[in-house]
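The values are calculated or read from the model by the stated rules, or taken from the named source; none is laboratory data. As the structure is a prediction and not an experimental result, all values here were calculated from the model. Methodologically, a virtual Cβ is constructed for each residue, glycine included, from the backbone with ideal geometry; neighbour enumeration extends over all protein chains shown.
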Amino acid sequence: MKQTLCLITLLACAAPLQSAERKPNFIFIIADDHRWDAMGAVQKEHGEKGRYPWFETPSMDRLAADGVRFRNAFITHSICSPGRAGFLTGQHTHVNGVMTNGTAFPESAVTHATLLRDAGYHTAYFGKWHMGNQRARPGFRHFASFIDQGIYQDCPVEINGVETPTNGWVDDVSTDFAIEWLKANGGKPFSMVLGFKSPHNRRGGENLPERLRNLYEGKTTKRTPNCDLAAIYHKPLAPGDAGKERGLSANAVHLDYLRHIKGIDENLGRLLDALDDLKLAEDTVVVYSSDNGYFLGERGLGDKRALYEEGLRIPYIVRYPRLFPKGKLVDEMVLNIDLAPTFLDLAGLPAHPGMHGDSFRELASGNKPAGWRTSFLAQYRKELGDTPTCHGVRTDDAKLIVYPGRPEWTEVYDLKNDPYELQNLPPDGPLGMSLQAELEKQMSAVGFKSGAK
């Protein structure tokens, strides 16, 4: 009897140590063009100021309720491929080399996937990759992913390099592949990425599954004050142009956009349910985010290639029941380049010395690390469209945007008092000069050189 009691005591003492030593699994879910406020939880916070207060995303809200939601999350390069490369490498794009959407991801790059793979993790990629026409998925042992943009219906998928036909809506299909892989591989340490095509290029009911095509009929979205203001590099908006996108009414465009997000919310729910069914939820770090923000008529824009708030801000949620509290809101700034060092930190691995991001492990745990960032460098390299090359600095409450070769376009905003960026302040004023000094500091820290290209 005495020996039995001793054994029970030893097991009880050992249990916390075993739990602490357990290496987590990782799932990163990345949408395409999902702006920060297109989420039910955010709309509830915005109240009367919400653009679509009736919009609901129960699965994203569920993830946030069970984890941590970063309310000030940003992309460092507001366009798809560069944003994705930043998540993978933890680096600014002028260093990792992916500056445009037509650039293939360097197969020799060091990423969270390559380092976790080398540490014994099973790595897999599903869905949208979006790095030019690249067929490989560097760092991932298994993949079921389509080339470039793919198509929304019956999209051919490359399964480990073999083109395979599929049936159905592409984000449903990608989620099916991910869940089946989890069922087969969930007993081993794993790191998985699921890339949704939505809500990219969402116009037209044919891009949606039948179940979503008439959703939100009769609903309307609200306008914001900056919908009447043109981007500084555009001519002022003519009467009647504000809020329109390519000849379509703003409301129709917005409803299709939200229908696509509703579809990926449903698939997120399926994935979370699968983790529960497989008893993997407690041991899995789940992160949801997007490759960039998106404009819905603000500044007369309908894309993301600019450094205004709507282009830079992204959703960012993390859940890890064994370490992070439930329902926590964090207002410190986090970036896409923080994902890679965070995954490595949680896996007990050192961050690669070339990474620019910081682990948000302590921040998500409820402890603000000393010296956590209060500003970051943002950039855009001109490619498609007419948004010019630009870079700038965004602080907790202000922003400077610089357009090389066009000093008259310099923009300075006091975001604390002017969140819609309506009043461009003098660049030689106190705020402008302070931001210029901070920009130079940020550029120097990561070896960024200004230049019009």
In segment 175-199, anything in a loop (DSSP other than H, G, I, E, B) and surrounded by fewer than 22 Cβ atoms within 10 Å (Cβ to Cβ) is listed as 186, 187, 188, 189
Reported set for segment 341-380 where residues are over 19 Å from residue 25 (Cα atoms) and either of a type in the set (Phe, Trp, Tyr) or touching a strand residue (DSSP E or B) at 6+ places or on another chain (Cβ under 7 Å) (or both) is 357, 363, 366, 372, 374, 375, 376, 377, 378, 379, 380
Could you list, in sequence order, the residues of segment 343-393 that are surrounded by fewer than 18 Cβ atoms within 10 Å (Cβ to Cβ), out of contact with any helix residue (DSSP H, G or I) (no Cβ under 8 Å at 6 or more places or on another chain) and under 20 Å from residue 73 (Cα atoms)?
-> 362, 365, 366, 367, 370, 371, 373, 374
Determine, yes or no, whether residue 172 is under 30 Å from residue 100 (Cα atoms), assigned to a loop (DSSP other than H, G, I, E, B), of a type in the set (Asp, Glu) and under 21 Å from the mean Cα position of the chain (by Cα).
-> no
Exception for residue 400 within (1) in a loop (DSSP other than H, G, I, E, B); (2) at pLDDT 95 or above; (3) among the hydrophobic types (A, V, I, L, M, F, W, C); (4) over 21 Å from the mean Cα position of the chain (by Cα) falls at (1)
Could you list, in sequence order, all residues of segment 404-453 that are hydrophobic (A, V, I, L, M, F, W, C) and either closer than 27 Å to residue 97 by Cα or part of a helix (DSSP H, G or I) (or both)?
-> 409, 431, 433, 435, 437, 439, 443, 445, 446, 448, 452
Every residue from segment 250-309 that is among the small types (Gly, Ala, Ser), modelled with pLDDT of 95 or more and in contact with a strand residue (DSSP E or B) (Cβ under 6 Å, 6 or more places away or on another chain) | 289, 290, 293
Taking residue 423 as the residue in question, decide whether it is surrounded by 14 or more Cβ atoms within 10 Å (Cβ to Cβ) and of a type outside the set (Val, Ile, Thr).
-> no
Which of the residues spanning segment 73-127 are outside any loop (DSSP other than H, G, I, E, B), hydroxyl-bearing (Ser, Thr, Tyr), over 19 Å from the mean Cα position of the chain (by Cα) and buried (at least 21 other Cβ atoms within 10 Å of the Cβ)?
-> 123
Would you tally the residues in segment 115-151 being within 27 Å of residue 209 (Cα to Cα), modelled with pLDDT of 95 or more and touching a helix residue (DSSP H, G or I) at 6+ places or on another chain (Cβ under 6 Å)?
-> 4
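Yes or no, residue by residue, for (1) in contact with a strand residue (DSSP E or B) (Cβ under 7 Å, 6 or more places away or on another chain); (2) assigned by TED's automatic domain parsing to the domain that holds residue 347; (3) under 27 Å from residue 118 (Cα atoms); (4) of a type outside the set (D, E, K, R):
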{"residue": "152", "(1), (2), (3), (4)": "yes, yes, no, yes"}
{"residue": "156", "(1), (2), (3), (4)": "yes, yes, no, yes"}
{"residue": "160", "(1), (2), (3), (4)": "yes, yes, yes, yes"}
{"residue": "167", "(1), (2), (3), (4)": "no, yes, no, yes"}
{"residue": "178", "(1), (2), (3), (4)": "yes, yes, yes, yes"}
{"residue": "181", "(1), (2), (3), (4)": "yes, yes, yes, yes"}
{"residue": "187", "(1), (2), (3), (4)": "no, yes, yes, yes"}
{"residue": "193", "(1), (2), (3), (4)": "yes, yes, yes, yes"}
{"residue": "197", "(1), (2), (3), (4)": "yes, yes, no, no"}
Pairs under 6 Å by beta carbon, first residue touching a residue at least 60 places away in the same chain (Cβ under 8 Å) in segment 115-135, partner small (Gly, Ala, Ser) and part of a helix (DSSP H, G or I), six or more apart or different chains?
-> 123/113; 126/174; 126/178; 127/174; 130/81
